[in-house]
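A quick write-up on the structure given underneath.
Throughout, read-outs are computed from the coordinates displayed, never taken from laboratory work. These figures come from a predicted structure and were not determined experimentally. Every residue, glycine as well, gets a Cβ built from its backbone with ideal geometry; the counts of neighbours run over all protein chains shown.
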Amino acid sequence: MFSLFRENLRIAFDSIKSQLLRTILTVFIIAIGITALVGILSLVTALENTISSDFASMGSNTFNLQRYEFSTQRRGERKIINPVIGYRQVKEFNDSYEFPTSRTAVSFTGTRGAEVKYDNEKTDPEVTVLGVNENFLQNSGLKIENGRNFTSFDITNNTRVCVLGSDFTKNLFKDDNPVGKTISIRGTKFQVIAILEEKGATFGNNQDLRVLIPIQVARTMFTQPNINYNVSVMVDDAEYMDAAEEEAIVLFRNIRGLSPVEDNNFGIGRSDDLINQITQITGTLGVAAWVISIITIFGSCIALMNIMLVSVTERTREIGVRKALGAKKSTIAFQFLYEAIIVGQLGGIVGIILGILIGLLIANVANFVFTTPWTAIIAATIITFCVAIISGLFPALKAAKLDPVESLRYE
């Protein structure tokens, strides 16, 4: 039995070698569908990993008060335009909100185009400056690599201190330890008290190229109108999350002067809400990847079947000779089935490699967190095997049913 199996494999490989160009074209037809499947699923997985790593650090016990919900809100055909969340409102909320075991962080973005100077060195004007209070780092899931966090004394006394992202150690300070050094932003000097751990960039937003300063100091430096502030609340015990959120909504509605019949003119959301929305989007992309790849693989299935039928026709005389020498129908059938499986698996391997390379390349360009898409690889292997069986079964049965006398006469 094993010698027969080995003989059929040898014949299949010899046939593949003798029709090398046709085999290569068939392999690449199959590989196109597998590349689409593995490539798109690789990107979807990388996108999910990036979003999850960015927001999971905030935890499920954190919620935000913001100008809009995560999704765009519309009432009928009219887009809702919420007023900005002003400083007086966030200050009143911070002073009045006293839910047990909760911490409130207040922040705003002063600019995204600041230039930071240190001695004779300076950065490009692309640094983001944020005004924050003492709870911002903890509520945002940011960790300090070197130095200390802001204290309530720093915030209430407008101390000119700052916390820097990790990129400043690579360009502005180079080999120097930034902690304790003095930098300048718009002519105002700040002492560096900490360096944050590296976070990376998401969708072009470099989270490691930013400066955090006390919120009152930031308000004196950035005085443009209609500044929008953000409020983040962290609750130590996740069991009280819903109660804390409801109390925050009631308080902020009162601060905004809303009547009981009016809808909220602000957004509230948890970090896991955004993750769930992103998961839905990536799920849709995953379905699209399957549809595209299945359509392509269906075409490759037809192509492989036609090529195998052509191979049966070309080798009719060979089949007649083998049958005349005593080969059984099952032996002839398995010979062609093995050939289809080998070609299908070669296409699957090429498609998997190309799909991973494309996914890895795009993930590196977009700064996504890439991981090997084992689910897509296993699915691609199973699909190519099934395609080979389906495509090779009919030609194999046709070859097995050929009459040996008529086959020997075939020219």
**Message:** Under 25 Å between alpha carbons, and skipping anything fewer than 8 positions from K117 in its own chain: which lysines qualify?
**Reply:** K143, K170, K174, K181, K189, K199
**Fill in**
Ordering 339-349, 253-263 by per-residue average of other C-beta atoms within 10 angstrom, highest first, gives 339-349, 253-263
**Fill in**
Per the rule of 0.36 nm per residue minus the C-alpha distance, extending V310 to S96 adds in nm 68.9 nm
**Request:** Output the peptides 126-139, 309-322 sorted from most to least packed, where packing is the average of other Cβ atoms within 10 Å over each peptide's residues.
**Result:** 126-139, 309-322
**Asked** What value, in deg cm²/dmol to 500, does the helix sum -39500 (n - 2.57) over DSSP H runs of n ≥ 4 give at 222 nm once divided by the residues of the chain?
**Response** -18000 deg cm²/dmol
**Item:** Dipole in debye (nearest 20) - the range 83-265, about Cα centre, beta carbon charges: Lys, Arg +1; Asp, Glu -1
**Value:** 940 debye
**Prompt:** What does the charge dipole of the range 227-350 about its Cα centre add up to, to the nearest 20 debye, if the Cβ of each Lys and Arg holds +1 and the Cβ of each Asp and Glu holds -1?
**Reply:** 1860 debye
**Prompt:** Charges only on Cβ, +1 for Lys and Arg, -1 for Asp and Glu: so what's the dipole of the range 99-173 about the Cα centre, in debye to the nearest 20?
**Reply:** 220 debye
**Asked** Net charge near A248, counting Lys/Arg +1 and Asp/Glu -1 over other residues with Cβ under 14 Å of its Cβ?
**Response** -3
**Message:** To check you understand DSSP bridge types, tell me what percent of the beta bridges within the chain (both residues inside) are antiparallel, rounded to 5.
**Reply:** 80 percent
**Prompt:** What order do you get for 158-170, 176-188 when each peptide is scored by the mean count of other beta carbon atoms within 10 Å, highest first?
**Reply:** 158-170, 176-188
**Prompt:** Which label marks the calculated value of Cα Rg over 2.2 N^0.38 Å, given the options (1) 1.13; (2) 1.49; (3) 0.90?
**Reply:** (2)
